[in-house]
Amino acid sequence: MKKFIIASAAFLFCSLAFAQVKNYVGIARQKYSDAQINFLEDFRDKLQNRGYNSYAEYVDSYLKGGFGSAFVYVDKDGQNYIVTNRHVVSQAASVSLEFEKDDGSLAKYDNLYVLVTDDDIDLAILRFENNANYFKRGLSFYSGKVYDGQDVVSAGFPGLGGEPVWQFGKGSVTNSAARIKDLIDPAISTVIQHSAQIDAGNSGGPLLVASKSAATGYDVIGVNTWKAVGRDATNFSIPAALALKLIERSKKPVDDKAFKAERQEKFKAVLSEPNSDYTALVKFISYDMAAQNGMDCFEEIFKHGATKVKNRVAAEFVINPIEGLRYAVAHDLYGKMSGEGLDEKLSNLVWEKESGVYRIASVQGTDGEKKSKAKEKKSGGSSASSKKSGDKKSKVSWQGFESPYTISIDGGALFPLGKDDAKVDLDAGVVVNLEIVPFERNFGGIFEFEHRKVGGESLNIFGVGAVARLPLCFGLFTISPKADAGIKIAFGNVRDFQIFADLGLMTTFDFGSAFFRPGFEVGCRGTTDTLHFSDISSSTVRLRHADFYAKMILGFKF
């Protein structure tokens, strides 16, 4: 009986602690400005017009908005601070914060603003509108040593069915000081690797350890940020000490001139490192610069860039389209900064303050360079570095599965292959198709007209069919293995009922037009005909034959 009472009391204590933690962990949703929404919608439409349909879908999904987790910290002076990841609020004109009550209702706070971010560490600190202090207390930070095997709990609102759902998951520290350069430079800090459950939407939520002294029963040991793909229970948190350090930094007055100079020196140092590449520059690219130059840089990479670069930009784009644009711009800027005269090039960079951090807003060039850029834009070119032009001509990058057109008119010739068993003469013919592929990449319909002579008689044959294709886009051109099949009918002195099936290889070209895709197609057609010759004792002949065909394509995108 005594054991039961103790167990019940422990369960009650845990339940109360869970509820208290939940009171200070919220759902963070970033809100875009009208200008950002207009940019994203325009960007989506441009992607569709230029044939990057799947990427346009990612932008459309991004426009619908996402969410992450965040938690409240109250300092000794009663000031309220909201801790989350930078990537959760990276595009925020403002942020809303929702707390789920025990009855399932939400307490919502709008118009939070980003007080400060850290580009070296994926952290952001928010404040309530007008610096209001709605909370008397929040979660407390852990000040002890982190050790392997330590019990931890993740708290946050990962998505389930597209909606945030509260999750409180237990695990343990599996590496108290993981050194992973792709996450945080080990010279700045290690990260906490743990097995507590993390899913999309947990970003920015706290990693907790039990604490008898904490009002909620838990202290924050880290900020959940990353999940390893392809491994079980391999999750990473930013140490809580870094979040507290960023909060303290936000309280101190900033010497803007010195802060800007420090960022410029860091940028120069990154460029000077022998093993650095364009990815190290991303944190210096402003979101405004990504909006202004991102489309041109993105398209340049996907048409002419190395496959490794394109794959990295694509991977970032899928998660966050604007981050993908930052990577594309960083790659372009890295090319411009390479070579002689680095100090002069650095002097042309225009810096602006964004989310409390100085980033590059634009590159100020000479009048000649500006005219050259204007000319390039006029002619549909990109603003990518001319130094790379030699490489561009020699490289063809694989873009992936992209629809080469929506509707096309194809015309060409049919050439008989060998003799037919029925000994009916077959002449070369003319074939014209109208092909419509409303379902992106894969399936569509064809309407076909064929004119040829069979057994000395001219036939006009009309038909319909279905087409399936697998477009593989290599930037400047698209190669599509395809198959189609259907039926055709001709009326006149010779009636013909025909079943046909084609196997072909189609190639279309992108010459910079948003709507037009010319090309050609070659392939082999197998046909079964039932021919009724009305002037020869109404005889019926069944004919099986094969043709080689070659067609020109006029494709159009909408």
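The values are calculated or read from the model by the stated rules, or taken from the named source; none is laboratory data. Computed from a predicted structure; not experimentally measured. Neighbour counts run over all protein chains shown; Cβ positions are idealised from the backbone, glycine included. We work out accessible area using only protein heavy atoms, side chains counted, and drop any ligands, DNA or RNA first. Shrake-Rupley method; radii C 1.70, N 1.55, O 1.52, S 1.80 Å.
As a length-normalised measure over Cα pairs under 8 Å and 6 or more apart, the relative contact order of the chain settles at 9 percent. Applying a length cut-off of 20 Å (Cα extent along the axis) and a mean Kyte-Doolittle floor of 0.0 to the DSSP H helices of the chain leaves 2-22. Rounded to the nearest 20, the Cβ-based charge dipole of the stretch 68-165 about its Cα centre (Lys and Arg +1, Asp and Glu -1) stands at 300 debye. Based on DSSP H segments of at least four residues, each scored -39500 (n - 2.57), the chain has a per-residue ellipticity at 222 nm of -8500 deg cm²/dmol. What the stretch 175-296 shows is 48 Å² of accessible area per residue, with the surface traced by a 1.4 Å probe over protein heavy atoms. With only the Cα atoms considered, the stretch 207-354 has a convex hull volume of 167 Å³ per residue. Each of S105 and A177 was given a label point 7 Å from its Cα along the Cα-to-Cβ line. The distance between the two points is 5.0 nm. Dipole check for the chain: with +1 at the C-beta of Lys and Arg, -1 at the C-beta of Asp and Glu, and the Cα centre as origin, the magnitude is about 1160 Debye. The slack between M552 and E248, meaning 0.36 nm per residue of separation minus the straight C-alpha distance, is 102.7 nm. Between Y113 and D60, the contour length at 0.36 nm per residue exceeds the Cα-Cα span by 16.6 nm. Spatial offset of the stretch 63-109 relative to the stretch 172-186 amounts to 26 Å, using the alpha carbon center of each.
Along each principal axis, taking the top coordinate minus the bottom one, the Cα set of the stretch 127-283 gives 45, 43, 37 Å in descending order.
The residue among F267, N224, V282 whose Cα reaches farthest toward the positive pole of the charge dipole of the stretch 207-282, with charges on the beta-carbon of Lys, Arg, Asp and Glu, is N224. Pair-distance distribution of the chain: all C-alpha pairs, bin width 20 Å, starting at 0; shares per bin in whole percent are 18, 38, 26, 14, 4, 0. The C-alpha atoms of the stretch 424-510 occupy a region whose extents along the principal axes are 48, 22, 17 Å, arranged from largest to smallest.
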